[in-house]
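Asker: I'd like to ask you about the structure that follows.
The values are calculated or read from the model by the stated rules, or taken from the named source; none is laboratory data. None of the values given here were measured: they were computed from a predicted structure. When we count neighbours, we look across all protein chains shown, and the Cβ atoms used for this are built from the backbone with ideal geometry, even at glycine.
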Amino acid sequence: MFAFSSVCGSPVNAEACRSDEGWVAPARTLVRDWRLMEPIYDTIGVDYGAHRAPDPSIARHIEEHLEGLTSLVNVGAGTGSYEPADRSVTAVEPSWAMIRQRPDNAAPCVCAIAESLPFADNSFDGAMALLTVHHWGDLSEGLRELTRVARTRLLIYTWDPDQASAYWLINDYLPEIMELDRGRFLTTDKMLAMFSDARAFPVPIPKYCRDGFLGAYWDRPKAYLDPAVARGISSFQQIDQRDLARGLTNLERDLESGAWQKRYAHALDRPALDLGYRLIVAEL
Ligand SMILES: C[S@@+](CC[C@H](N)C(=O)[O-])C[C@H]1O[C@@H](n2cnc3c(N)ncnc32)[C@H](O)[C@@H]1O
């Protein structure tokens, strides 16, 4: 039997986890032993909360699509960013390093993975998966599980590498990120093709974005040189560290010489930039 872990806040919503036979065990042997592996965020996520706060502008894009959803499961929930306080939320997160950083008043959290959700069919109105699907061992299986446990709608906040090739950070300094991310993110078209009724909404990244993911510092290039900021960006951790050091040294050199400013300072007037981040909204 799968052991449920009520980590933060009140115990996990029992109704959401119970089937006619009692507590629901994860059915798929494929991922039964996932806890024998160390979740990657146990290493790269130890100070996630320091640089990854929810950004209000991104939160608004998500909230717009929550209408009619009273209960939600947030899969790959991390430290709880973007979990709406005015609805019943159950979080799912495999990394204890992330779970420990959830605030005391955050939604209750189950330690599990997307590919084997410990909930009965149709347990929730909606399911959210925010900046997480590229980390899943089996994306199709994870999406199947989201579709199984949610009744009405899925919200998937993700990144489309095809829409981001012009980003100066990747283009000029860290093309290795594109190689890595083409292998783990789906393009918008491929993502939409996974569902019968889905739409993609661009989520432009605002100036001074508070959520320190890869595209967050487009207006503050120096921030990428800060090792603490770099630790919050998973693709920085997952490319060859010699490539990372080379790219960041070149960025530092161009910032000092003024070459970066000459090429890109004109874009800094913009309030937000489309860097390929997309909210996929699938009606079930
Ligand atoms: C970039 S963080 C995003 C966290 C949070 N959704 C947010 O927006 O801040 C990615 C999260 O996905 C989690 N994750 C990795 N593999 C997973 C899997 N197979 N199933 C569910 N979550 C997973 C990681 O542990 C990590 O917390």
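Asker: When the residues of segment 83-101 are narrowed to those that are near the ligand (Cβ under 6 Å from one of its atoms) and part of a loop (DSSP other than H, G, I, E, B), which ends up nearest to the chain's Cα centre (by Cα)?
Answerer: Selected residue: 93.
Asker: From the residues in segment 61-82 that are of a type in the set (Val, Ile, Thr) and more than 9 Å from the ligand (Cβ to nearest atom), which one is surrounded by the fewest Cβ atoms within 10 Å (Cβ to Cβ)?
Answerer: Once the filter is applied, the top-ranked residue is 70.
Asker: Applying the selection to segment 229-245, what residues are outside any loop (DSSP other than H, G, I, E, B) and more than 19 Å from the chain's Cα centre (by Cα)?
Answerer: Correct list: 241, 242, 243, 244, 245.
Asker: Related question: Please specify each residue of segment 237-253 satisfying the condition of being closer than 15 Å to residue 218 by Cα and without any contact (Cβ under 8 Å) to a residue 60 or more places away in the chain.
Answerer: Once the filter is applied, which keeps residues that are closer than 15 Å to residue 218 by Cα and without any contact (Cβ under 8 Å) to a residue 60 or more places away in the chain, segment 237-253 yields only 252.
Asker: Quick check on my filter: what residues within segment 48-60 are farther than 20 Å from residue 110 by Cα and either acidic (Asp, Glu) or buried (at least 19 other Cβ atoms within 10 Å of the Cβ) (or both)?
Answerer: Matches in segment 48-60: 51, 52, 55, 58.
Asker: Something else now. Do we have residue 169 as of a type outside the set (Phe, Trp, Tyr), modelled with pLDDT of 95 or more and in contact with a helix residue (DSSP H, G or I) (Cβ under 6 Å, 6 or more places away or on another chain) here?
Answerer: Taking the combined requirement at face value, the residue does not satisfy it.
Asker: State all residues of segment 102-141 that are near the ligand (Cβ under 8 Å from one of its atoms), in contact with a helix residue (DSSP H, G or I) (Cβ under 7 Å, 6 or more places away or on another chain), farther than 11 Å from residue 78 by Cα and of a type in the set (A, V, I, L, M, F, W, C); if no residue qualifies, say none.
Answerer: 113, 114, 136 - these are the residues of segment 102-141 that are near the ligand (Cβ under 8 Å from one of its atoms), in contact with a helix residue (DSSP H, G or I) (Cβ under 7 Å, 6 or more places away or on another chain), farther than 11 Å from residue 78 by Cα and of a type in the set (A, V, I, L, M, F, W, C).
Asker: Please find, within segment 253-284, the residue that is surrounded by the most Cβ atoms within 10 Å (Cβ to Cβ) out of those that are under 28 Å from the mean Cα position of the chain (by Cα) and assigned to a helix (DSSP H, G or I).
Answerer: Step by step, filter segment 253-284, then rank; the result is 264.
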